[in-house]
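Heads up: the structure comes next, in structure tokens.
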Amino acid sequence: MRGTLDALTSPLWKIDYETRNTRTPFTLHRNCLGKAFAVISDRHPTSNPKDFNERVPRPPKCGQLHLILGPMFSGKSTELLRLVERYEVEGNSVLVVKSALDERYGVDSVVTHDGKTRDCVALPSLQRLEEHVSQQDLAQYQVIAIDEAQFFSDLVEFCLEAAEKRGQTVIVAGLSGDFRRLPFGQIPNISALADTVTKLSARCSRCNEPAHFSLRTVVDADTTLVGGSEMYAPACRTCYNALNIHSRE
């Protein structure tokens, strides 16, 4: 501390002289007004910055987390399978998972509204994946794709484990909100953690304008009521407010 005070109060010529003739921990800079500032450095001024980088080992590379979200009928599953196909073409092994609550088009497959199908593992929770795939086999996948992700209460924990500890790419597809336009499951938390977020829109079933909301057309207060066009319709803001029959409370 004494050296710091001396450096700040000594004449400029004295600081320069002592700096040249001692192993001082200070790096001196002059500004345009001729004043001298003593800047404390954690290394000797003559040391090479590259030496520090070489001494610190680089951590294992993390994977990535990509989120696809939107209302019902916006093509989330279609976009998910498009990315799955792209990664497979590039030579990556891909595991596809979906919530077991979604049985609309089959138990063990992801089916898009335009008829595309992909085999998958249907799970009540992501922790149960180890019942189908061993930890050793799971680590061999470069990409994990998760459809209907809003139904998984352990979504954040699983995605961070995969992307940051196993170095895998995780693709998550889920609803941007429930039928009350409230946050659905852990999708908002994943949005804060994602490398990329792709938000899709549908076409309003009433006016054909871009639709960002899922309108429930039947009277039922259960948030996890799974259904298709017989229960839900995509709606723009105007039509949602005109047709919605459910309270946000």
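The values are calculated or read from the model by the stated rules, or taken from the named source; none is laboratory data. Given the structure is predicted, the values throughout are model-derived calculations rather than measurements. Cβ sites come from the backbone with ideal geometry, for glycine too, and all protein chains shown count toward neighbours.
Report yes if ARG128 is touching a residue at least 24 places away in the same chain (Cβ under 8 Å) and either in a strand (DSSP E or B) or over 14 Å from the mean Cα position of the chain (by Cα) (or both), otherwise no. Taking the combined requirement at face value, the residue does not satisfy it. Scanning the range 136-166 for residues that are surrounded by fewer than 23 Cβ atoms within 10 Å (Cβ to Cβ) and touching a Lys or Arg at 6+ places or on another chain (Cβ under 6 Å) returns a single hit, ALA139. Sort out which residues of the range 193-240 are β-branched (Val, Ile, Thr) and either buried (at least 20 other Cβ atoms within 10 Å of the Cβ) or outside any loop (DSSP other than H, G, I, E, B) (or both), and write them in order of number. Listed by number, the residues that qualify are THR196, VAL197, THR198, THR238. Of the residues ALA173, ALA145, ALA242, ALA162, the single one that is more than 24 Å from the chain's Cα centre (by Cα) and modelled with pLDDT of 95 or more is ALA242. Among the residues making up the range 32-90, those that are in a loop (DSSP other than H, G, I, E, B), at pLDDT 95 or above and more than 25 Å from ARG104 (Cβ to Cβ) are CYS62, GLY63, GLU90. Would you be able to say whether some residue in the range 103-125 is within 23 Å of SER191 (Cβ to Cβ) and out of contact with any Ser or Thr (no Cβ under 8 Å at 6 or more places or on another chain)? Within the range 103-125 (the criterion being within 23 Å of SER191 (Cβ to Cβ) and out of contact with any Ser or Thr (no Cβ under 8 Å at 6 or more places or on another chain)), the answer is no, since none of the residues qualifies. Scanning the range 91-125 for residues that are part of a loop (DSSP other than H, G, I, E, B) and among the charged types (D, E, K, R) turns up ASP102, GLU103, ARG104, ASP108, ASP114, LYS116.
Does PHE151 fit the bill of being under 16 Å from GLU103 (Cβ atoms), at pLDDT 95 or above and among the hydrophobic types (A, V, I, L, M, F, W, C)? Even if it seems obvious, please write down each step before you answer.
Details: under 16 Å from GLU103 (Cβ atoms): yes; at pLDDT 95 or above: yes; among the hydrophobic types (A, V, I, L, M, F, W, C): yes.
Spelling it out, PHE151 is indeed under 16 Å from GLU103 (Cβ atoms), at pLDDT 95 or above and among the hydrophobic types (A, V, I, L, M, F, W, C).
Residues that are crowded, with 18+ Cβ neighbours inside 10 Å and not hydroxyl-bearing (Ser, Thr, Tyr) within the range 108-120 comprise VAL110, VAL111, ARG118, CYS120, listed in sequence order. Listed by first and then second residue, the pairs with beta-carbon distance under 8 Å, at least 6 apart or on different chains, first residue in the range 91-115 and in contact (Cβ under 8 Å) with a residue 40 or more places away in the chain and on the phi > 0 side of the Ramachandran plot, second among the β-branched types (Val, Ile, Thr) and surrounded by 14 or more Cβ atoms within 10 Å (Cβ to Cβ), form an empty list.
Only residues that are under 17 Å from SER77 (Cα atoms) and either touching a Leu at 6+ places or on another chain (Cβ under 8 Å) or not polar (S, T, N, Q) (or both): list them for the range 191-210, please.
THR196, VAL197, THR198, LYS199, LEU200, ALA202, ARG203
In the set PHE184, PHE179, which member is assigned by TED's automatic domain parsing to the domain that holds ALA233, in a loop (DSSP other than H, G, I, E, B) and over 17 Å from PHE152 (Cβ atoms)? Matching residue, one of PHE184, PHE179: PHE179. Scanning the range 152-176 for residues being closer than 19 Å to ALA122 by Cα and either without any contact (Cβ under 8 Å) to a residue 40 or more places away in the chain or not in a loop (DSSP other than H, G, I, E, B) (or both) gives a total of 14. Filtered by the rule that a residue be touching a Phe, Trp or Tyr at 6+ places or on another chain (Cβ under 6 Å) and among the hydrophobic types (A, V, I, L, M, F, W, C), the range 117-151 gives LEU126, VAL143.
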